[in-house]
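The structure under discussion appears below in the form of structure tokens.
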Amino acid sequence: MRELLYLVGPTPKTDGRTRWFERDEGDERLKRDRASIRHDYPDLKYGLNHRLKTVFLDGTITLRAECGIPTQIKTRVIFGDFYPQYEPIAYETGNMFPHIANRHFFPDGRCCLWLPVETQWKPREATALHGFLDQISTFFERQLIYDASPDKRWAWGQRGHGIEGYIEFIQEELGGDASLVDNFAGLLSGREEIAQNSDCPCDSGKKYKYCHAKSLARLIEHLGGENPFLPPVESSLS
Amino acid sequence: MSWNYDDSLQRIGKHLDSMGEIEIEKLVREADLETLLTETCCREIHGAHVYADISTFARIATESVADNNEYKRLIQGVHIYQREVSRIVETIFGGLRIHFQGSKLHALFYRPIDDTQMLATKAFLLLLVLKDFVNSVFNPSYSLLGNFSIAGGADVGDAIGTRNGRRNDRELLFLGACANYAAKIISSSGRLRISKATYDALPDDLRDLCEEIDDDEIYQAGSVSQRKLDEMLEKYEIEWDREKSQERVDDDKRAHPLKDIDYSSANELIDLDALSIWNNKRVLAVSIFGDITGFTAYIDRAESDDEKREALRVLHAIRKEMATVVAVDFNGLRVQFQGDRVQGLYHVPKDEEASIATEAVEAAIGLQSSMEKTIKEKLPEAEELQLAVGVDIDTTLVSKLGTRAHRDRICLGSAVENAAKSEEKCSGGQIGVSKRVYEALPGRLSKHFSYDSTIGCYVAKNLTADKVERAEKAAAAAGAPAFITSNKSGVTVTEREREGARTIIPGRSYAED
């Protein structure tokens, strides 16, 4: 594996712990990822930050308009400790776009590709990284579209900031308008319970078990810790 | 028709590779510039540049009703005016008639070499003679067309003379502040204006005929009687005789009778070189002017021979690329090079205003794309240069008029004048289009333009082909697929399905508060 990487920073003293890429399956994954992106993303090179023991991809993604004009975007993709179970993190490192929330960036250039609950990351797929880079390319293309469009539109849709984005997502999942989310707020937060034979809170007139019961259960499971209706976790430190 | 980055890059490279070494020397002896100058054989020429214009020709060319003798009379009048003015410049004054830009003459005096006073004298007297000719000869001969007045400008200084390379339509090009300034100081009020440098070089008796008009150090000719003019012409040994001028005009009128002058519309792209006094075109056309802003300052700043050679290499690369964009990438006519500016015309499909306007504005965007994306990639030294483009549409007379040896491609009409004016008012990187062009454009193009009251037209800034293309993708809806293709030169993301493309559903971008 190590010959695949170039090294950044001084060689660290090992603490004896192993990172994902130091395990056999990680080594295999890295080789497979590298092979999958070599052709379509030749200007992204693997690197290893020895101090942080982090593997990353660094270089440029060149977006070509159909007329052929190229735009080079400096990009870094960092693979965290829990890769590939958790998706990598993408950064725009050339300050080509304003790193502000309205442009879906954190101040450090991290790309807000999607709501965590709507992740397009498919860890088990052999071409997961390639698909992820395609999503990053599309994200950057949308930045260029935004800059080029006189009415400043964000192509292919976006979510509201913060909790608004989650509410939009929940609303779409429940299939209704904003009032529907209010009707289910108590159930989503876990503060209320409802009998299966009761009328569904959506006011459809159907019994809950024949209406939203299953979809709400799936939604709550899917949201997990990202559920905005859950009460904030209190710190155990006093 | 469309603009393509790879094609543009390739042809610029090919032109640069084949250009050969540019030679620039000071012109130290009298020579025939028509045969001496080439794309690579260039001369620094000390001279007096003169522009003289009858802008009313353009208005008549647009407003005259077709199937009317007035239109034929206009064609005849412009033709005969150009012939006699050319004779006055070349035969009587010994100057060089560079060309007519529509109705505007550009002439140069460079003989006797480096004799600034004589060059300025000839330039100033030429303006006076042309004014007298229009008043005393041309207007009485063409009273049915109107009462014309001539506006003129002159400046003296150094400019670099060169030529474009095409075999069949080679044109002399002069680059330098004086070649521009003489045109810039022309007023719309029919006055004859000269620069301070020209005024300073004049002998006292001619200076006495001028008055300073404002703080811009511009002088203009006062009222000069025919007697005074004749006296000055005699003193400076210029043998112009208004009666002989009248005879030549009368001879020309007989030789070019209205009944033999023909004009028609055009269903296909006009072959400019097939036009003549006998065969003219009257078409609904878009005029487009593209000018390299900052080029005059760029070449005037060049001090060493290497810097001058570099500036000329840049000019020729841009010039040729502009002509190719106008005529090859888009279905237009490259009418003329005017120093560092190119004039183009779009007129097909016949009378289809929206299509013609769209093609021309796409070409304007193509010009900006070449300038910003490919010229600067091939020639980093051109980084500071930009392009200003002006566009307008209206009925236009298209012809090739003048004396046998020097027939110029002529486009006359209000749209030609307005497009040129818009270009002059635009800054580098801007495209200025008239209200009529703006309203003829499809939304995908018009949305990039907004009205600029200081320029007086609709303006788009830094608009290149990739931006137009991307703005069209902005309508892609949430949940719709994106299509991705890759090759060694990059990744292309579109909202339309493409052969061999990968399909993804783009994530809906999100931001934490």
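Using the structure shown, decide if B:Ala465 is at the interface with chain A (Cβ under 8 Å from one of its Cβ atoms), of a type in the set (Gly, Ala, Ser) and under 28 Å from B:Asp351 (Cα atoms). Spelling it out, B:Ala465 is indeed at the interface with chain A (Cβ under 8 Å from one of its Cβ atoms), of a type in the set (Gly, Ala, Ser) and under 28 Å from B:Asp351 (Cα atoms). In summary, B:Val328 fulfils each of the numbered conditions (1) assigned to a helix (DSSP H, G or I); (2) crowded, with 24+ Cβ neighbours inside 10 Å; (3) β-branched (Val, Ile, Thr) with the single exception of condition (2). For segment B:186-215, what are the residues that are part of a loop (DSSP other than H, G, I, E, B) and more than 20 Å from B:Arg97 (Cβ to Cβ)? Scanning segment B:186-215 gives B:Ser187, B:Ser188, B:Ser189, B:Gly190, B:Arg191, B:Leu202, B:Pro203, B:Asp208, B:Leu209, B:Ile213, B:Asp214, B:Asp215.
Give segment A:106-120 a look and list any residue that's at the interface with chain B (Cβ under 9 Å from one of its Cβ atoms) and either closer than 22 Å to B:Arg502 by Cα or outside any helix (DSSP H, G or I) (or both), or say none. Spell out how you get there, then give the answer.
Filtering segment A:106-120 for residues at the interface with chain B (Cβ under 9 Å from one of its Cβ atoms) gives A:106, A:111-116, A:118-120.
A:Phe106, A:Cys111, A:Cys112, A:Leu113, A:Trp114, A:Leu115, A:Glu118, A:Thr119, A:Gln120 - these are the residues of segment A:106-120 that are at the interface with chain B (Cβ under 9 Å from one of its Cβ atoms) and either closer than 22 Å to B:Arg502 by Cα or outside any helix (DSSP H, G or I) (or both).
Just one of the numbered conditions (1) free of Cβ contacts under 8 Å to residues at least 24 places away in the same chain; (2) under 25 Å from the mean Cα position of the chain (by Cα); (3) surrounded by 13 or more Cβ atoms within 10 Å (Cβ to Cβ) is not true of B:Ser264: (3). The listed residues are A:Phe140, A:Phe184, and the only one of them that is touching a residue at least 40 places away in the same chain (Cβ under 8 Å) and either in the same structural domain as A:Ile37 (by TED's automatic domain parsing) or crowded, with 18+ Cβ neighbours inside 10 Å (or both) turns out to be A:Phe140. Report, by residue number, each residue of segment B:334-380 that is among the aromatic types (Phe, Trp, Tyr) and over 24 Å from B:Ser265 (Cβ atoms). Across segment B:334-380, the qualifying residue is only B:Phe337. Exactly one residue among B:Ala66, B:Ala52 is within 28 Å of B:Val416 (Cβ to Cβ) and either in the same structural domain as B:Lys308 (by TED's automatic domain parsing) or at pLDDT below 90 (or both), and that residue is B:Ala66.
As a summary of the residue check, B:Ala474 satisfies the conditions (1) surrounded by fewer than 21 Cβ atoms within 10 Å (Cβ to Cβ); (2) more than 7 Å from chain A (Cβ to nearest Cβ) except for the one numbered (2).
Where helices (runs of 4 or more DSSP H) fall wholly inside segment B:412-513, no range has 3 or more residues that are outside the structural domain of B:Glu384 (by TED's automatic domain parsing), of a type in the set (Asp, Glu) and modelled with pLDDT of 95 or more. For segment B:3-41, residues that are away from chain A (no Cβ under 14 Å), farther than 22 Å from B:Gly157 by Cβ and in a helix (DSSP H, G or I) total 7.
Any chance you could count how many residues in segment B:496-511 are at the interface with chain A (Cβ under 7 Å from one of its Cβ atoms) and under 26 Å from B:Lys447 (Cβ atoms)? Spell out the reasoning first.
The initial filter retains those residues of segment B:496-511 that are at the interface with chain A (Cβ under 7 Å from one of its Cβ atoms), namely B:502, B:504, B:506-511.
Filter again for under 26 Å from B:Lys447 (Cβ atoms), leaving B:506, B:508-509.
Residues in segment B:496-511 being at the interface with chain A (Cβ under 7 Å from one of its Cβ atoms) and under 26 Å from B:Lys447 (Cβ atoms): 3 in total.
If the condition is being of a type in the set (Val, Ile, Thr) and touching a residue at least 40 places away in the same chain (Cβ under 8 Å), then segment B:459-477 contributes B:Thr464, B:Val468. Could you say whether any residue in segment B:466-476 is over 28 Å from B:Ala363 (Cα atoms) and out of contact with any Phe, Trp or Tyr (no Cβ under 6 Å at 6 or more places or on another chain)? Scanning segment B:466-476 turns up no residue that is over 28 Å from B:Ala363 (Cα atoms) and out of contact with any Phe, Trp or Tyr (no Cβ under 6 Å at 6 or more places or on another chain).
I'd like to check which helices (runs of 4 or more DSSP H) are fully inside segment A:121-223 and have at least 3 residues that are away from chain B (no Cβ under 14 Å) and closer than 30 Å to A:Glu25 by Cβ.
Numbers: elements: A:128-148, A:163-174, A:178-189, A:213-223.
Here the list reads A:213-223.
Among the residues that make up segment B:340-356, is at least one of them outside any strand (DSSP E or B), more than 18 Å from the chain's Cα centre (by Cα) and at positive phi? For segment B:340-356, residues outside any strand (DSSP E or B), more than 18 Å from the chain's Cα centre (by Cα) and at positive phi: present. When we screen A:Ile78, A:Ile73 for residues that are within 30 Å of A:Gly162 (Cβ to Cβ), within 14 Å of chain B (Cβ to nearest Cβ) and not in a helix (DSSP H, G or I), the only hit is A:Ile73.
Applying the selection to segment B:214-241, what residues are in contact (Cβ under 8 Å) with a residue 40 or more places away in the chain and not polar (S, T, N, Q)?
Start the filter on segment B:214-241 by keeping residues that are in contact (Cβ under 8 Å) with a residue 40 or more places away in the chain, which leaves B:221, B:224, B:226, B:229, B:232-233, B:236, B:238-240.
Residues satisfying the conditions are B:Ala221, B:Val224, B:Leu229, B:Met232, B:Leu233, B:Tyr236, B:Ile238, B:Glu239, B:Trp240.
The values are calculated or read from the model by the stated rules, or taken from the named source; none is laboratory data. Every value quoted in this text rests on a predicted model; they were computed, and no experiment measured them. Cβ: placed from backbone, ideal geometry, glycine included. Neighbour counts: every protein chain shown.
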